[in-house]
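The values are calculated or read from the model by the stated rules, or taken from the named source; none is laboratory data. Since we're looking at a predicted model, the values are computed, not measured. Note that each Cβ is placed from the backbone with ideal geometry, even for glycine, and that neighbours are counted across all protein chains shown. The accessibility values were calculated without ligands, DNA or RNA, using every heavy atom of the protein model including side chains. Shrake-Rupley method; radii C 1.70, N 1.55, O 1.52, S 1.80 Å.
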Amino acid sequence: FNQHFISPAADDILNMITSGYIGGVIIHHDHLENKFPYLPWTHDTAGNEHSFGFLRQEMPDFTVGDLIHLLPKVSVRLQRACTANLAEHTGTDFRQQAAGYAHTYFDSGNANLESLAQFPNDTDIIHIASVAYEEALSLWELLG
């Protein structure tokens, strides 16, 4: 690494993020039967975090056995939370008392989802990658 580059740790993080992003694009492009738009913000750990949060509310120090017994209750709470969030974003009042789920999982930001579900073909991807590589090399040359 030269003096104008980010730290090795930051480089590792960027490589992981980039690889994960490209992996998601490949899965959506090549491996899904139906074409779904790739919305990276829907691929996160929020579901796991909320599940563990609900589990800890029921039993702060749970075991795997406790988890198995608590799964039906936690499942109902997660469904309620998602229903409340969907109602918040669609304006439908499924349950007036339900507290909102405070994140933007269902919020597509008025994106054109039909357009986002259309991916370039393999030839176009190879061409785009080649152009991007040449542009990256040019930037490195400018940086010295």
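Cβ separations smaller than 8 Å between residues 6+ apart or across chains give the following pairs from segment 47-68 residues that are more than 14 Å from Ala81 (Cα to Cα) and touching a residue at least 12 places away in the same chain (Cβ under 8 Å) to residues that are part of a helix (DSSP H, G or I) and open to solvent by 60 Å² or more (accessible area, probe 1.4 Å): Glu58/Lys73. Might you check whether a residue that is farther than 28 Å from Ser115 by Cβ, assigned to a helix (DSSP H, G or I) and within 25 Å of the chain's Cα centre (by Cα) occurs anywhere in segment 38-49? For segment 38-49, residues farther than 28 Å from Ser115 by Cβ, assigned to a helix (DSSP H, G or I) and within 25 Å of the chain's Cα centre (by Cα): present.
So, Thr42, is that one among the hydroxyl-bearing types (Ser, Thr, Tyr) and open to solvent by less than 50 Å² (accessible area, probe 1.4 Å) or not? Before you say what the answer is, go through the steps one by one.
Numbers: among the hydroxyl-bearing types (Ser, Thr, Tyr): yes; open to solvent by less than 50 Å² (accessible area, probe 1.4 Å): yes.
Yes: the conditions hold for Thr42.
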